[in-house]
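The values are calculated or read from the model by the stated rules, or taken from the named source; none is laboratory data. Keep in mind that what you see is a predicted model, and the values were worked out from it rather than measured. Backbone-built Cβ (ideal geometry, glycine too); neighbour counts: all protein chains shown.
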């Protein structure tokens, strides 16, 4: 069923999606009140990932109630997997806004793990240079020992 959106009306669409990425910026944990005066928790943050062309894509994410417990200890730079409901809204000016309402989340690597992994990992060029240096040192050692025998 389709219908036209009238002027001044906001359009909202929903879909579910899994997404991997790093937390960008600070995770905001808030306590709000609903219309009945009941308090509930909200966590808001942005997730940065790359699209198929390698461009950075930022996704606004929100978790409510019990879902905020999984996010309390996360911080900027942590690599996470989220599953949630994507709400796409088009405002009165025609601008599209997306927000993921988190249904589940999981920390895959903390910022510290990502940093230490990068330090331990040599670049390919660095590995080649190291190999050439080691190989040269070994051949010089062989030549030096042959000269001593003669």
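Residue 77 meets the stated requirement of being modelled with pLDDT of 90 or more and not in a strand (DSSP E or B).
Residue count for the range 31-74, restricted to those that are more than 21 Å from residue 109 (Cα to Cα) and touching a helix residue (DSSP H, G or I) at 6+ places or on another chain (Cβ under 9 Å): 3.
Taking the stated definitions as given, is residue 82 surrounded by 14 or more Cβ atoms within 10 Å (Cβ to Cβ), in the same structural domain as residue 28 (by TED's automatic domain parsing) and either at pLDDT below 80 or within 14 Å of residue 46 (Cα to Cα) (or both)? In short, yes. For the structure I just gave you, tell me whether residue 146 is surrounded by fewer than 13 Cβ atoms within 10 Å (Cβ to Cβ), outside the structural domain of residue 43 (by TED's automatic domain parsing), at pLDDT 80 or above and more than 17 Å from residue 48 (Cα to Cα). The answer is no for residue 146. Determine, yes or no, whether residue 103 is more than 17 Å from residue 16 (Cα to Cα) and touching a strand residue (DSSP E or B) at 6+ places or on another chain (Cβ under 8 Å). In short, no. Screening residue 89 on (1) in a strand (DSSP E or B); (2) at pLDDT below 90; (3) within 19 Å of the chain's Cα centre (by Cα) shows it passes everything except condition (3). Residues that are touching a strand residue (DSSP E or B) at 6+ places or on another chain (Cβ under 6 Å) and surrounded by fewer than 12 Cβ atoms within 10 Å (Cβ to Cβ) within the range 51-69 comprise 51, 56, 65, listed in sequence order.
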